[in-house]
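> Would you mind keeping the following structure in view while I ask a few things?
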Amino acid sequence: MPIGKGLKNTADEAVSKELEALQMFLRNPRGRGARQFTADEINYFNDIIKKKDIYPVVVHIPYICNPASFKEDLYAFALEILQHDLSRCVLVNADFIVLHPGSYTSSTLEEGIDRIANLLNIVLNDYTGETCILLETMAGQGSEIGRNFEEINLIMQKIKNTDKLGVCFDTCHTFAAGYDSTVIEGLNGILNAMDSTFGREKVKIVHANDSSKELGSRRDRHAHIGQGFIGIDGFTNIMSHQFFKGLPFILETPFEGIEADIKLLKQIRDKNS
Ligand SMILES: [Zn+2]
């Protein structure tokens, strides 16, 4: 959900779209700017979320942050944004904050993993907040870290305090990374692969996106539900699995036409409940 028109508008839109869960950026997703919220809009937003029983509220940090960067200025920027957004999660009672592990660019995978782990240790060491930080599974474009569960786990193993750290499972990214969630054998393989790394219980939310690119393409292109290579059958496979039935699904498909995606996910969920 966009917040450009203020949190009141975000809350009203959430109601009119009949959302059961919600994700938003607290600033421009591709830029630095962060507007101050007024007490009035914060109260309004939190009232609606409570009244409509919307859960969870998820915050996504901007895409431009690279918490694995070996360049000091970009690294410091990612740290500053994460800490600032995390401090603002309290205002909107966010349950989760999602971040991409980042890219190692011209460094190495091992160094990139060290960088992101170090950054998370700085944030989590004396963290006493309620919002849980989630590392997102990635498609593996270029030097993106987190294209398999082993890489996510390598990061997590370096974190001292993992009580407030979990994983966000993106259906498009994992599919593009080569995990076939569209068939039952593939899904069972995914759950086994989770259990032999960070453990499936670390997955707290699902980013539900179809994929415009093929299985294993390592290209991150979100498609509307049913209009990509995962398809309705793929989402039916995922949503009828006992494990995924217990998780909140968050859409990140193109905002134009997202109403149809919401309807489709609800239909698939209800048919398989
Ligand atoms: Zn995602």
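> Please give me, ordered by residue number, the GluC sites (Glu not before Pro) of the range 1-82 that lie in loop per DSSP and have at most 14 other Cβ atoms within 10 Å.
Numbers: sites: Glu13, Glu18, Glu20, Glu41, Glu72, Glu80; in loops: Glu18, Glu20.
Listed in order of number, the matching sites are Glu18.
> Given only helices, namely DSSP H runs of n ≥ 4 each adding -39500 (n - 2.57), what is the per-residue ellipticity at 222 nm of the chain, to the nearest 500 deg cm²/dmol? Don't jump to the answer; show the numbers that get you there.
Working: 10 runs with 112 residues, N = 273.
After summing the helix terms and dividing by the residues of the chain, the value is -12500 deg cm²/dmol.
> Of the listed pairs Lys160/Lys202; Lys202/Lys266; Lys213/Lys271; Lys5/Lys204; Lys50/Lys271; Lys17/Lys202, which have alpha-carbon separations greater than 20 Å here?
Values: Lys160/Lys202 15 Å; Lys202/Lys266 24 Å; Lys213/Lys271 27 Å; Lys5/Lys204 29 Å; Lys50/Lys271 27 Å; Lys17/Lys202 29 Å.
Pairs exceeding the cut-off: Lys202/Lys266; Lys213/Lys271; Lys5/Lys204; Lys50/Lys271; Lys17/Lys202.
> Still on this structure, please answer the following. Let me test this: with uniform point scatterers at the alpha carbons of the range 7-271, what is the Debye-based log₁₀ I(q)/I(0) at q = 0.08, 0.09, 0.10, 0.12 1/Å?
Listed by q, the Debye log ratios stand at -0.30, -0.39, -0.48, -0.71.
> Nearest 20 debye, what's the magnitude of the dipole of the chain about its Cα centre given +1 on Lys and Arg Cβ and -1 on Asp and Glu Cβ?
Details: 29 positive and 37 negative charges, 64 e Å.
In debye, rounded to 20, the chain gives about 300.
Values quoted throughout were computed directly from the atomic coordinates according to the rules given, and no laboratory measurement underlies them. Bear in mind the structure is a predicted one, so any value in this text is a computation, not a measurement. Neighbour counts are summed over all protein chains in view; Cβ atoms, including those assigned to glycine, are modelled from backbone coordinates with ideal geometry.
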